[in-house]
Amino acid sequence: MATFLLAWNPKRWHWNDIEEMSQSVQAGQLVTARWSCGNSKRLQRGDRVFFMRLGQEPKGIFASGYVMQGSYEDLHWDSEKASSGETAMFVRVRFDELLSPAKSNVLPRQMLDTEPFKEMYWDTQMSGVQVPDSVASELEKLWEEFSHSPSFLSPEEVSENDAHYEGGVQHVTVNAYERNTKARKICVEYYGASCFVCGFDFSKVYGELGDGFIHVHHLRPLSEIKQEYQVDPINDLRPVCPNCHAMIHRRTPPLSIKELQEVLNNARLQPAI
């Protein structure tokens with residue numbers, strides 16, 4: 001089984017139903033697509049493929065899957081070229097992971113500039129480029145770790161890093177700054193797993209399933225810091241539920257904890273209609 005890179009440039013082709021397809025993949029449904037593989041005729045059934053988003057941010061790997069139908073010729077994906085009879089090579093793939101870049105993190109392009117990944121030229125505008133076996137095996141490990149990490153599930157959450165430093169650009173999440181699970185752990189141990197805004201406790205509603213589940217909010221957005229800094233889990237972070245976390249970030253700059261508490265209290269005082 002060989003591994004190939006398939007490219008997507010949103011500036012050249014708008015993927016209208018990517019969000020719906022992403023939800024279907026996450027729900028465990030069988031989702032397939034026809035995809036251009038440039039001029040390559042080497043892709044065969046069973047080959048592994050990774051999808052790279054290029055052209056505009058966020059750039060990076062956002063999907064993976066397997067070839068169901070090997071390279072075949074068909075009318076060009078560009079409707080104007082197709083109308084003039086031009087053709088291109090395609091494969092049909094089955095997705096096993098598909099992220100909607102507008103809703104989720106992608107595996108950042110910058111993370112592929114280190115060994116052994118920099119042995120591969122990732123910025124190709126042509127699909128169907130083969131990934132060397134040595135790079136492909138490491139990419140599988142990185143993709144598995146990334147796609148099952150907390151940052152994959154929630155862009156505002158704190159993701160894995162060994163140090164207590166945040167804001168560096170070596171490991172990039174949706175907002176291009178590092179985040180840290182050790183800091184999260186200390187924060188939750190200190191404040192508990194109840195929402196700092198509304199008091200919601202997942203364990204009281206969902207039992208064992210919800211035990212310990214909570215988001216962690218940076219009081220000072222990392223995007224404002226623009227440099228590496230040593231996070232203080234007690235002074236810089238607060239546990240909040242996903243709903244309150246989303247409401248905090250409904251405004252730019254984000255609401256403070258106190259401001260959202262006031263919004264919530266005022267809403268509770270309004271008479272029911």
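The values are calculated or read from the model by the stated rules, or taken from the named source; none is laboratory data. These numbers were taken from a predicted model, which means no experiment stands behind them. With ideal geometry, Cβ positions are generated from the backbone for all residues, glycine too; neighbour counts draw on all protein chains shown. Ligands, DNA and RNA are excluded from the accessible area calculation, which covers all protein heavy atoms including side chains. Shrake-Rupley method; radii C 1.70, N 1.55, O 1.52, S 1.80 Å.
Computed quantities for the displayed model
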read-out	value
Verdict on Leu6 being of a type outside the set (Lys, Arg) and closer than 11 Å to Val93 by Cα	yes
Residue within region 184-194 that is modelled with pLDDT under 50 and either out of contact with any helix residue (DSSP H, G or I) (no Cβ under 6 Å at 6 or more places or on another chain) or of a type outside the set (Asp, Glu) (or both) present	no
Among (1) open to solvent by less than 40 Å² (accessible area, probe 1.4 Å); (2) modelled with pLDDT of 90 or more; (3) not in a loop (DSSP other than H, G, I, E, B), the one test that Leu264 misses	(1)
Selection status of Asp201, modelled with pLDDT of 90 or more and of a type in the set (D, E, K, R)	yes
Contacts under 7 angstrom Cβ, first residue in region 182-207 being farther than 17 Å from Leu219 by Cβ and assigned to a loop (DSSP other than H, G, I, E, B), partner modelled with pLDDT under 90 and not hydrophobic (A, V, I, L, M, F, W, C), 6 or more apart	Ala193/Gly212
Candidates Val158, Val231 - the one that is under 21 Å from Pro253 (Cβ atoms), of a type outside the set (Gly, Ala, Ser) and modelled with pLDDT under 50	Val158
Filtered residues of region 23-44 (kept if open to solvent by less than 20 Å² (accessible area, probe 1.4 Å) and farther than 20 Å from Thr87 by Cβ)	Val25, Val31
Region 82-102 residues that are polar (S, T, N, Q), paired with ones that are assigned to a strand (DSSP E or B) and open to solvent by 10 Å² or more (accessible area, probe 1.4 Å) (beta carbon under 9 Å, 6 or more apart)	Ser83/Leu75; Thr87/Glu73; Thr87/Asp74; Thr87/Leu75
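To keep it simple, each residue is scored yes or no on (1) at pLDDT 90 or above; (2) open to solvent by 50 Å² or more (accessible area, probe 1.4 Å).
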| position | (1), (2) |
| --- | --- |
| Ala176 | no, no |
| His215 | no, no |
| Pro253 | no, yes |
| Lys258 | yes, yes |
